[in-house]
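Visitor: What follows is a single structure, and I will ask about it in a moment.
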Amino acid sequence: MQKENKYKNILYAKKDKVATITLNRPKSLNALNTALLTELRDALEDAETDAAVHTIVITGSGEKAFCAGADITELVEKSPKEASEWSSWAQGITTYMEKLRKPVIAKINGFCLGGGLELAMACDLRIASEKAVFGLPEINLAIIPGGGGTQRLPRLIGKTKAMEMLMCGEHIDAEEAFRVALVNKVVPADKLDSEVDELVKRLLSKSPVTLGILKDAVNRGIEMDLERALQYEAECFGHAFATEDAREGLKGFLEKRK
């Protein structure tokens, strides 16, 4: 396994077409600070530009937390203007992750709160341990989410449940997260690694270039009115048809082979 050792707040490894980024501040339950987010952005850019990487997995070190949220000890020192600027900067990282042309999986192994949930929501797929806990508790500190939480949560689970989570600031368990479609699947803690490995295997069997086109069609189209979104889908359909993978895929189907 190829490892990048230049980071202090994350672990980064690449193996078999998969880049794994592990948030690595276990003493603070992998809380997000400027240093960690800067390293995360750098690792994401490396994974995006490495042609050998087809899928990205993001998780947290230890068994207690994926990420318990932003590092309050850093945020408390900021002025209102600095807080707003930090929020915009952090949003840029989650937006960059969302727009990557490669599948991104969140492997959620414990607390997934505040900025941690905002990070997970920017991933394409979310697999959770049955021990995972979710929430956006910022209102309990008299602040609001600043990494995209007020916008992505309603888009993912609907306004009604999102407003309850945002306004009450309470945690929900993994079963409830699955029920409201916040996560794709919940598995026993000891099966989390193998479940994500199986999902990665399924994704690696697909055309990487077409997965990128598909992501773009969904993420951009969902913000458009239906008429324009359908037009954009047709454009993306044409882009997919232009690929060598599509020609091989269609030919293989007609010839009854993979």
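The values are calculated or read from the model by the stated rules, or taken from the named source; none is laboratory data. Treat the numbers as computed from the prediction; the structure is a model and nothing was measured. No Cβ is skipped: glycine too gets one built from the backbone with ideal geometry, and neighbour counts run over all protein chains shown.
Visitor: Considering only the stretch 215-226, how many residues are touching a residue at least 24 places away in the same chain (Cβ under 8 Å) and either in contact with a Pro (Cβ under 9 Å, 6 or more places away or on another chain) or part of a helix (DSSP H, G or I) (or both)?
Guide: 3
Visitor: Give me a count of the residues in the stretch 59-86 that are under 16 Å from G146 (Cα atoms) and among the aromatic types (F, W, Y).
Guide: So the answer is 1.
Visitor: Is there a residue being part of a loop (DSSP other than H, G, I, E, B) and at pLDDT below 95 anywhere in the stretch 8-20?
Guide: no
Visitor: Report yes if some residue within the stretch 225-239 is closer than 26 Å to V18 by Cα and either in contact with a His (Cβ under 6 Å, 6 or more places away or on another chain) or not assigned by TED's automatic domain parsing to the domain that holds G110 (or both); otherwise report no.
Guide: Yes, the stretch 225-239 has at least one match.
Visitor: Would the stretch 66-73 turn up any residue that is under 16 Å from E118 (Cβ atoms) and in a helix (DSSP H, G or I)?
Guide: yes
Visitor: Taking the stretch 65-84 only, how many residues are within 22 Å of the chain's Cα centre (by Cα) and either surrounded by fewer than 13 Cβ atoms within 10 Å (Cβ to Cβ) or under 30 Å from R220 (Cα atoms) (or both)?
Guide: Here the count works out to 5.
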